[in-house]
Every structure is written in C-alpha cells, then in structure tokens.
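Asker: Please see the structure below; I have some questions.
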Amino acid sequence: MTVLKESGPDPTDALSSVPVAGSRRGVPVVGKLKFCYGPMDCGKSTLALQIDHNHARQGRRGMVLVRHDRSGEPQITSRIGLTRKAIEVGNETDLRLLVREQWAAGRHVDYLIVDEAQFLSPVQVDQLAELADDVQIDVYCFGIATDFRSVLFPGAARLFELADELQPVQVEVLCWCGQTGRFNARVSDGEVLRAGDTVVVADTEQSLVESSSASRSEAESNTVRYQVLCRRHFRLGDLGPSSAQHGQLRLT
C-alpha cells in the first residue's frame, strides 16, 4: 500500500488573493495629495519650484498657487534667489473654480503646486482632495506645520488628516545652539512673542511684515521677524548670545 506523505502548504495558495486578469479595471484612477512640511529656512519653496520644473519639462501642465508669500507679491520666492509667478489664493477662493477656468480656456491641468499651504482654510484643503480624487490632478502642497505658538495651522492640520503622503523636508535647519530647529519663533525687539495674530507674514530677516490685523502699530511692523529654535530654547525664549543680529542666526 502506498502511503501519501503529508506535504507542506500549496505554493499556489499565495496567488489565490490576486485578482484574475481584467478584474481590476474597475478601480478608479485618482490623483495624489502630498504635503511637504518643515520649519522656515528648510527649502520648501525651492523644492516646490524644482518639482514644478521637473513636471513641466516632461510636458505636464500645471498651476502654481501661493498664499501669503514672504515677498507680499503673487509669486513663489525662495531664499536662494529663485522666483516664479503664481496665482494668489484669497480667503474665499474656490480652488476647484480656478481649475475649471483653465478648462474653460482650453488648458489642461495635470498638477497643482501650492506654496504656503498652511494658510489655506480647511475647506480649501478639502477642495484640493476633491480635485485629486475626482479629476485625477496631482496636488503638491508645501508649508509650515505649526505657528509661532507651536500650534498647528488649521490648513496644515487638515492636510495631515487628508494627504496621501506626508513628507518632512530633509534639509536640516539648526537652532543657534546647533540642535535641530523645528519651532518658528516670532521675535520683536529681541523678545520671543507668545501672543498675537496667527498670520503675520515676515521672514527670518528683520523687515516690514504683513499682518491679518489692521490694529498692529507701524513700529511693530518694522521689527517683527522669525527665528527657528530647538524645543528647549523655544520654551525658554532664548535667542542666543547674538540675538541682536538681524535674521536667522548662524553658528560661527
């Protein structure tokens, strides 16, 4: 009598969950919503312009959007000198209508570049997700995660909730002490501010800034700047031994 030996698992079982050819054709094709985030000075705007360049050179057609660029103009500017004209997004801008206007003019839209995306409203972020899902547009957002109080911006919070991909920008920004800087301190007259308008557009160079409040004094508008700090020195409000210098401090 022949005795059948007990064999191991059937190797074809591993293929049992793979759909047969043609059965996946009903899966909808969607775009992606990606959020690249990091503190000031880490190169977010430079990355935004590079991604736009890479897509455009492959024949893809995109739209470049911005909300409150540091220059105060409808453009994306990087600290290494790159500049690109952009469409300014307002408080009431419907991003879906911007795309439809391009369609009405006979222009196809493959992707969107959105800089300073933390200043978008949650509703506008929902509109970006709708464009990705329903009309297969790839959306690349760039921005800061938290404000000067280390609280998430509403737009950034919604992006964390909805984005398909979350990517911290890999360029490391240093606090004056040499530790990794993650916190965007708002500085006026050598002091770290803990209260004020959520949106005050300025740079890491001391200059005229734009605030969402009309009541801010002219003197304040000439002294506000930002400085990236590590958590410890952000908590302590310690700007370092050379805090009287303008702009982001550098190790020497």
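The values are calculated or read from the model by the stated rules, or taken from the named source; none is laboratory data. Since we're looking at a predicted model, the values are computed, not measured. FYI the Cβ positions are ideal-geometry reconstructions off the backbone, even for glycines, and counts take in every protein chain you see.
Asker: Take the conditions modelled with pLDDT under 95 and more than 30 Å from His108 (Cα to Cα) and apply them to Thr46. Does it pass?
Answerer: Against the criterion (modelled with pLDDT under 95 and more than 30 Å from His108 (Cα to Cα)), Thr46 does not qualify.
Asker: Another question, then. Which one is nearest to the chain's Cα centre (by Cα) among residues in the stretch 48-72 that are over 15 Å from Phe119 (Cβ atoms) and charged (D, E, K, R)?
Answerer: Asp52
Asker: Any chance the stretch 182-198 includes a residue that's at pLDDT 90 or above and either over 19 Å from Leu236 (Cα atoms) or polar (S, T, N, Q) (or both)?
Answerer: Yes, the stretch 182-198 has at least one match.
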